[in-house]
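Below: the structure, in structure tokens.
Coordinate-derived values only; no laboratory data. Everything numeric in this text was worked out from a predicted model, so none of it was measured. In this analysis, Cβ positions are derived from the backbone assuming ideal geometry, glycine residues included, and neighbour counts consider all displayed protein chains.
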Amino acid sequence: MKSAGRHLLTRFGALTLALGVSHSALAAGLTQQQLGEFADKAQLNFAVVNNLAAKPELQLTLRNDSSVALPAGKGDWRIYFHSVRKLDAAPEGLTLRHVQGDLHELAPTTAFKGLARGDSFQVPYTASASMVSYSDFMPRAFITQPGLSPEVFSNTDTENLQNFVTPIASAQQQQRFSPDLYPIATAATRYEDNLAVNQAAAKADASPKIIPTPAEVKYRKGNATLDSSWQVRYAGRLTGEANYLVEQLKATGITLTSAADHVAATGKVIELRVDASLATAEAYSLAIAADKITIIGSDNAGAFYGIQSVLSLLPAQPASSFSLPQLSVNDAPRYSWRGMHYDMGRNFHGKAVTLRLIEQMARYKLNKLHLHLTEDEGWRLEIPGLPELTEIGAKRCFDLTEQNCLLTQLGTGPHASGSGNGYYSTDDFIEIIKFASARHIEVVPEIDMPGHARAAVKSMEARYHKLLKAGKKAEAEQYLLSDPLDKSQYMTVQNYTDNSINVCLPSTYAFVDKVIYELQQMYRKAGTKLVTFHMGGDEVGAGSWTASPACNALFAKGEQGVAGPADLKPYFVSKVSAITSLRGLDIAGWEDGLMYDPNNTFNRSQFANKHVLANAWDNIWEWGVADRAYRLANAGYEPILSPATHLYFDHPHEANPEERGYYWAARYTDIAKVFGFMPDNLYANADKTRNGAPIENLEALVGRALPALEKPENLRGMQGQVWTETIRTAAQLEQMIYPRLIPLAERAWHKASWEGDKPNTSARAAEWAAFALQLSTKELPKLAALGGDFYLPPPGAIIDKGQLLVNASLPGLAIDYSVDGGKNWKAFAGAEIVETSSVMVRTRLGNTTSRVVTVSP
């Protein structure tokens, strides 16, 4: 082909030069140098055209600013890009093909006219659902050609998404559908919204408070001065807790001595004890007097939480002494399960950010870390004996055979060095377990299956081919998760066609047992034990296993309870239940993994585990599925409230295209919304539909009676969730989690007096204002002192008759403004006279600033 290309160039060279098209336009293929130059100079851009059309309309534009022309005709080059929506188009001279997941391919046909220097082409296309945020678009699109290394388009190789996404500014771009009743947040709307909380905060007590709020606290006159003259005295079983207290106080500037309880204390003392007469697990009492602080726990965890309450009263700034209020506290948690779920399967962010998350959970008395270790897009834990799970499953790159890595997804780009790749080694995971255990946090590992399992499936297929090639057929089939003859067709919500583990293969259960065995070994090496195994179970593609010979053979055997495809999900769960029960474990799953359909749960009696937990997540009110939490509890399961409308921290902080995150369950979830969640009154949280319409009568909206919670004792607790499809970096992750984690902990630990089927909204507003003030003056500064990242809400602002007025949704945050386009910033001290027609404003805490907002008269 190269020879033929040179012949054409010789014959038509003069004509080519006359037309101003480079020689490479008529070459059969591009060289690596040409490919690199084209990707470096060309501009690939995306635009939202109209979300309100019958199908959302978008457009891709490729402008050739390089000296390399793309040749006319059906060349070998391909452009790949990521899209969270499945796309469809029939562009002239090009094909747009969905590959797998979010990966799409743009390729030339014989009708392609070429792309000369300075020219551009547009590809109009439609999406399966609306795209209203910049984070709906993924970075690191690339061009490649067989035999060459892929090259990333430079203008997309960035986390500044607006570098390659045109402004999302008009109503038809910003609205998801018609009618979309959620207004887009602007400087002016924020200003009006912030007025009430600022007025209420002005009346609130700003003195430091214990967060989460204790069940009972009584303040006395006077203060205790805590300094390095104090001593810690503790029961021997509390050595770890005493050491933790000493370490934490040392970080604040106070160095204490410590002694076991048999050593006589002199001077001022912090006494740590356990008293079993405090019958509630994790309960504690705390008394602060001028010369003695007494912390008594019902168990070690309770003593630890008493320590956290003392630390909660301290400011963020180190000092040689602190003044503490004299008080007494009697406290116990609202729920035994106070959790945070973290998905590193989609994008991996490293061990350090995980350890910071554990430390923050401990500070706010959260006690369950649910680690979503596996996904379609990644397997994130080293499993001894199965190296392919991390050699292939923890790495995404451009390899269509997937024998070296998983197919690139979620903006990783074509190279293994791209974002989101990585895994915990066994040593990393053991360290994480130890770190969490010392802070009374149970690490709950999730191996998601039978759906959402593409990383495992492809890794085991690669293992199979490698061993089969070596003549080891039996070993190759030992942990195989897919039936090579399976012709089942399905498309998952995330646009995968091949992510279901085959539940009819004996090798599937050999794999499950192997992974659980290795997990147990890691926990034992960490000095603790695995208690709960989370098997996922959610969003299995409809149509999985319907054309699997292995499953047809299982049906033919007439095994009890397995007559057809509808029986396979409960069959799978019962098999995993038997494995985990034999190993002494509780089992957990996402709610839909434990149900035949929205209304009918699997028969609880078929599962051998003492405890079967269910994360109740899918609560879009008008869809009529929010009652599944109560249905599961009434059927004998133990639900953990994980509602997407209030506790999904991958949703945007506000309704604005510049905010990161998905918005399928709620248009946004701000800090106040998390604070206002009422876990004991689930239906009372039904405030608005997906389109923003107020919900006056939930049963009327659903069209049927909603079941009551008949077995409240089965409700284990509540949990926040962060999913990471749009979260590629550690900083992005922390900005989505914090500070929403803090009101999550507040509600999981403390039941407010304003909660109820008809909440006292005025009391809630007053408590929120006081809580918001604590966030800005104490809790967020502590986060900043630890060096992590967190989100600051942008300010509200108006210019009224030349006067700039600015406020913050978290009263107490500093506010800056700039009148010269951000070159210089001034502290906002009150109403400011401005002579320019455009002013930039931002909130600030230390070196952390919010997104910049522009305000005009």
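The table below gives the values:
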read-out	value
Inter-label distance, nm, simple model (7 Å from Cα along the C-beta direction), THR401/ALA107	1.8 nm
Order of SER298, SER417 - criterion: other Cβ atoms within 10 Å of each residue's Cβ, fewest first	SER417, SER298
Centre separation in Å (Cα based) which lies between the range 430-494 and the range 305-360	34 Å
Whole-number percent relative contact order across the chain, with pairs defined as alpha carbons under 8 Å at least 6 apart	11 percent
Overall form of the range 760-857 per C-alpha gyration tensor (a/c, 1.5; a/b vs b/c)	oblate
Kirkwood hydrodynamic radius (C-alpha pairs) into Stokes-Einstein, the range 337-759, 25 °C and 0.890 mPa s, D in µm²/s	112 µm²/s
Full-stretch length increase - GLN521, ALA260 - with 0.36 nm per residue and alpha-carbon distance subtracted	90.7 nm
Amide N of the range 680-700 lying under 20 Å from the label point, which is placed 7 angstrom from the Cα of ASN760 along Cα→Cβ	680-682, 684-685
The range 312-449 - share of DSSP beta bridges that are antiparallel (%, nearest 5)	15 percent
For the chain, alpha-carbon Rg relative to the globular expectation (2.2 N^0.38 Å, N residues)	1.02
Segment THR31-HIS611, length gained on full extension (0.36 nm per residue, minus Cα span)	202.7 nm
Distance in nm between pseudo-label sites at SER128 and SER170 (7 Å out along the Cβ direction from Cα)	2.7 nm
Estimated FRET transfer efficiency (ASP65, ALA290; beta-carbon r; R0 56 Å; 0.05)	0.15
Greater than 20 Å apart at Cα, pairs in LYS365/LYS778; LYS569/LYS711; LYS365/LYS758; LYS218/LYS751; LYS458/LYS557; LYS55/LYS673	LYS569/LYS711; LYS365/LYS758; LYS458/LYS557; LYS55/LYS673
Spacing of the two label points (7 Å from each Cα toward its C-beta) at ALA510 and THR280, in nm	5.1 nm
Cα coordinate range in the range 207-254, projected on the principal axes (Å, largest first)	29, 24, 18
The chain - mean residue ellipticity at 222 nm from DSSP helices (-39,500 (n - 2.57) per run, n ≥ 4, rounded to 500)	-8000 deg cm²/dmol
Least to most buried among ASP299, ASP448, ASP291, ASP670 (fewest other Cβ within 10 Å first)	ASP291, ASP299, ASP670, ASP448
Percent of beta bridges antiparallel (DSSP, the range 264-370, rounded to nearest 5)	55 percent
FRET efficiency estimate (nearest 0.05) - Cβ-Cβ, ASN599 to ASP88, R0 41 angstrom	0.80
Burial ordering of TYR342, TYR182, fewest other beta-carbon atoms within 10 Å first	TYR182, TYR342
Beta bridge orientation in the chain: antiparallel %, DSSP, nearest 5	60 percent
